[in-house]
Amino acid sequence: MSTHSLRPSIDETSYRMFDRSLHPELFDPLIVGRVHSELYDLSIGLCEGGYYLQFKSGEQSIVEVTLPDELKLSTFGLQKTYFYNQQDEILHETEHPLNYHFAGEVDAVDFSVFTRVQLELEIEAQKSFVSHQFPTQNRLLPGPLSLARVEGNSKMLAVQTFHTFPSDLSILRTQTLFEL
């Protein structure tokens, strides 16, 4: 029986923030959602290893990526890199010319809690902006799940993502806020 997962370990996953656009094909998204208004464009892609989020308002671009660290990306425009295995919570903020707030947290739980949260997220995925459940590679564990919620108006946009890591019995939660 294979225990290889499409999703890498949370210990191999990092958050990276760029102040420039990146080509979405670098991340091989399985599903993409877009929000467009007169003031901004947002694109969210769910990938095997996590997600990417691209926000553009006027000339300002912010790209947020949570993917395996082995994915080599250019360092041009790279503003921050954090590894989820080094701390439980990540906070990052910028203030020019738009306010950007990011928070990410990993919860490592026991098997019974993980399966309960996974089931709750599977129900929530039906109402989410974008979601994808990957096939299981281990018959004793559910397949990894990623979902994103988006809320906003003309002055702000909030994005929440949830990602399960069955092999690690971990849940990654992120929240991003853009204020114009």
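Apart from one condition, Tyr82 fits all of (1) modelled with pLDDT of 90 or more; (2) of a type in the set (Phe, Trp, Tyr); (3) not in a loop (DSSP other than H, G, I, E, B); the exception is (1).
For Pro142, the requirement of being part of a loop (DSSP other than H, G, I, E, B), touching a strand residue (DSSP E or B) at 6+ places or on another chain (Cβ under 8 Å) and within 17 Å of Glu48 (Cβ to Cβ) is met.
When the stretch 152-166 is limited to residues that are surrounded by fewer than 21 Cβ atoms within 10 Å (Cβ to Cβ) and over 19 Å from Glu105 (Cβ atoms), the one that is modelled with the lowest pLDDT turns out to be Ser154. Tallying residues that are open to solvent by 40 Å² or more (accessible area, probe 1.4 Å) and either small (Gly, Ala, Ser) or under 17 Å from the mean Cα position of the chain (by Cα) (or both) within the stretch 130-149 yields 3. If you go through the stretch 28-60 and keep only what is among the charged types (D, E, K, R) and touching a residue at least 40 places away in the same chain (Cβ under 8 Å), you end up with Glu38, Glu48. State yes or no: is Val63 touching a residue at least 60 places away in the same chain (Cβ under 8 Å), among the aliphatic types (A, V, I, L, M) and assigned to a strand (DSSP E or B)? Here the answer is no, as Val63 does not meet what is asked. The number of residues in the stretch 114-139 that are touching a residue at least 40 places away in the same chain (Cβ under 8 Å) and more than 15 Å from Tyr51 (Cβ to Cβ) comes to 7.
The set of residues in the stretch 44-75 that are modelled with pLDDT under 90, under 19 Å from Asn99 (Cα atoms) and surrounded by 18 or more Cβ atoms within 10 Å (Cβ to Cβ) is empty. Among the conditions (1) in contact with a Ser or Thr (Cβ under 8 Å, 6 or more places away or on another chain); (2) under 15 Å from Thr176 (Cα atoms), the only one that Ser9 does not satisfy is (2). Here the condition is being out of contact with any helix residue (DSSP H, G or I) (no Cβ under 7 Å at 6 or more places or on another chain) and closer than 24 Å to Gly143 by Cβ; of Phe76, Phe27, it holds for Phe27 alone.
Taking the condition in contact with a Pro (Cβ under 7 Å, 6 or more places away or on another chain), over 16 Å from Tyr51 (Cα atoms) and β-branched (Val, Ile, Thr), does Thr164 pass? No: the conditions fail for Thr164.
The values are calculated or read from the model by the stated rules, or taken from the named source; none is laboratory data. These figures come from a predicted structure and were not determined experimentally. Counting neighbours? That spans all protein chains shown, and the Cβs are built from the backbone with ideal geometry, glycine included. Quick note on the areas: whole protein, heavy atoms, side chains included, nothing else; ligands and nucleic acids left out. Shrake-Rupley method; radii C 1.70, N 1.55, O 1.52, S 1.80 Å.
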